[in-house]
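Read the figures in this text as sums done on the coordinates, not as results from a lab. Here the structure is a predicted model, which means the values were calculated and not measured. Cβ: placed from backbone, ideal geometry, glycine included. Neighbour counts: every protein chain shown.
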Amino acid sequence: MSDQMQQMKEVYETTESDSSVLNDPEVAHLVIHQNKVLGLHKVPGLEIDVTELDDGVELNIRLADGTIVKKPVHLCFGIIPETGVQRIKMDVKIGKNAKISLLSHCTFPNAVDIQHIMDAEIVVGENSEYNYFERHIHGTKGGIKVVPTAKVTLEKGAKFITEFELLKGRVGEIYIDYQITGKEDSVMEMTSRISGTGDDFIQIKESGFLVGERARGVLTSKIAAREKAQAEVYNTLRATAPFTRGHVDCHEIVKDEAIAKAIPIVDVQDPRAHVTHEAAIGSVDNKQLETLMSRGMDEDEAVELIINGLLS
């Protein structure tokens, strides 16, 4: 095995995933350590072009019209040393009548002073589907700042589903800022699940704009904040076209000296549109807690089980 292949394998395994998937010829993958491309494999109909920058990479993804990528594309971004900067510039264009799923693993197991910055422009073509699952694995020191931003355009009948998960290690600081515009008959579904401890700081700003008839959108945030962590969620869903439907859902559990706030904004500008919201912030449910403790758990174990259930 070459030194580069071995390094790619080691980086990927810090995501707690099986690196053998990178050997599957039917699985497209891209592995980036800081600003170096360690591995890249494409499949027919999918173009991935990468340019190495001084402090990161520029990434262009193109999916041809009518292409269905059968197996999830694996993306791995990370920094193994304690310090560094990684900037990811993504330009994604999905053709018409196409479908793709991406699993993005972001790993920073030793972070003391690290910045991970992603800036994405995404266009999903007519009647196409784009699924993006992003999982972060952090170390225990909290020395990381994560700033993912994206502007997404959904053409007629397009579907965009994204999940962001940060449950392993300290958050550090995270600032999520997504703006999605959905045209006629499009669907947007965004879910964030984040667990904060220590003095972690979590800020989520997700905005959905339902501008085409019958466009639909759901924005969901699930946050757990313990010790002295702080969490802020600002989610906006704006419906300006007839027969649009949407929902904003935010659930935050706070424990110890943690602080959380949620500001859902529902903006309906057409009488034929319908958008709802729900926000709940507080400690764990007492009834659930009592039930679990009656079955032999101590309070801390019961609280963690409830929190894990929320974040699952």
Notebook entry, point to check: What is the packing order of peptides 38-44, 214-220, 148-154, 97-103, taking the mean over residues of other C-beta atoms within 10 Å and listing the highest first?
Noted result: 214-220, 148-154, 97-103, 38-44
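Compare the peptides 137-144, 24-31 by average per-residue count of other Cβ atoms within 10 angstrom and give them in order, highest first.
Details: 137-144: 19.8, 24-31: 17.4.
The packing order, highest mean first, is 137-144, 24-31.
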Next item on the list: Per DSSP H run of at least 4 residues, take -39500 (n - 2.57); add these up for the chain, divide by its residues and hand me the 222 nm value, nearest 500 deg cm²/dmol.
Entry: -3000 deg cm²/dmol
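Based on the inverse mean of 1/r over its pairs of different Cα atoms, what is the Kirkwood hydrodynamic radius of the range 178-245, in Å? Don't skip to the answer; put the middle values down first.
Details: mean 1/r = 0.0775 Å⁻¹.
It works out to 12.9 Å.
Relative to the present Cα-Cα distance, how much length would full extension add between ALA280 and GLU163 at 0.36 nm per residue of separation?
On the way: separation 117, 0.36 × 117 = 42.12 nm, distance 2.00 nm.
In short, 40.1 nm is gained.
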Check: How far apart, in nm, are two points set 7 Å out from the Cα along the Cα-to-Cβ line at LYS205 and at LEU305?
Finding: 4.0
Note to self: Between LYS70 and GLU213, how high is the FRET efficiency from 1/(1 + (r/R0)^6) when r is the Cβ-Cβ distance and R₀ = 45 Å? Nearest 0.05.
What the structure shows: 0.90
Next item on the list: Could you count how many Lys pairs in the range 112-194 have their Cα atoms under 23 Å apart, skipping same-chain pairs fewer than 8 positions apart?
Entry: 6
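First measure r as the distance between the Cβ atoms of ARG272 and ARG62, then evaluate 1/(1 + (r/R0)^6) with R0 = 51 Å and state the FRET efficiency to the nearest 0.05. Walk me through the numbers on the way to the answer.
On the way: r = 37 Å, r/R0 = 0.72.
Step by step, r from the Cβ atoms, then E = 0.90.
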Check: If one computes the Cα centroid of the range 85-107 and of the range 208-240, what distance in Å separates the two points?
Finding: 21
Item checked: Using θ = phi - 60° and Karplus 6.51 cos²θ - 1.76 cosθ + 1.60, couplings along the range 226-232 (whole Hz; Gly, Pro as x) -> 10, 6, 10, 5, 10, 9, 10
Notebook entry, point to check: For ILE117, which sequence-distant residues (separation of 5 or more, or a different chain) have an amide H within less than 5 Å of its own amide H, given hydrogens modelled in the peptide plane?
Noted result: GLN86, ARG87, ILE88, VAL147
Notebook entry, point to check: Taking only the alpha-carbon positions of the range 122-239 and ignoring solvent, what does the Debye formula give for the base-10 log of I(q)/I(0) at q = 0.21 Å⁻¹?
Noted result: -1.03
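Convex hull over the Cα atoms of the range 145-210, averaged projected area in nm²?
Values: hull surface 16.6 nm².
Mean projected area of the Cα convex hull: 4.1 nm².
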Next item on the list: Calculate, in nm to one decimal, what THR240 and ILE80 gain on full extension: separation in residues at 0.36 nm each, minus their alpha carbon distance.
Entry: 53.1 nm
Note to self: At a 10 angstrom cut-off on C-beta neighbours, averaged per residue, how do the peptides 177-187, 77-87 rank from highest to lowest?
What the structure shows: 177-187, 77-87
Margin query: I'd like the Karplus ³J(HN,Hα) series for the range 121-131: coefficients 6.51, -1.76, 1.60, θ = phi - 60°, whole numbers in Hz, and an x wherever there's a Gly or Pro.
Written below: 10, 10, 10, 9, x, 4, 6, 10, 10, 10, 10
Margin query: Spelling out what I want: for every residue of the range 107-120, take phi, set θ = phi - 60°, compute 6.51 cos²θ - 1.76 cosθ + 1.60 (Karplus), and round to whole Hz; glycine and proline get x.
Written below: 10, 9, x, 10, 4, 10, 8, 10, 10, 10, 10, 10, 10, 10
Check: ILE263 versus ASN97, label points 7 Å from Cα toward the beta carbon: distance in nm?
Finding: 4.5
Margin query: From the P(r) of the range 218-263, could you give the percentage of C-alpha pairs in the tail past 18 Å?
Written below: 38
Check: Given +1 on the Cβ of Lys and Arg, -1 on the Cβ of Asp and Glu, and no further charges, what dipole in debye does the chain carry about its Cα centre, rounded to the nearest 20?
Finding: 860
Check: Any idea what the alpha-carbon Rg over 2.2 N^0.38 Å comes to for the chain?
Finding: 1.03
Next item on the list: Would you mind getting me the FRET efficiency between LYS42 and LYS228? Use the beta-carbon distance for r and R0 = 45 Å, nearest 0.05.
Entry: 0.50
Next item on the list: Mind listing the long-range amide H neighbours of LEU38? Cut-off is under 5 Å, sequence gap 5 or more, other chains count too, H placed in the peptide plane at 1.01 Å from N.
Entry: VAL31, ILE32, HIS33
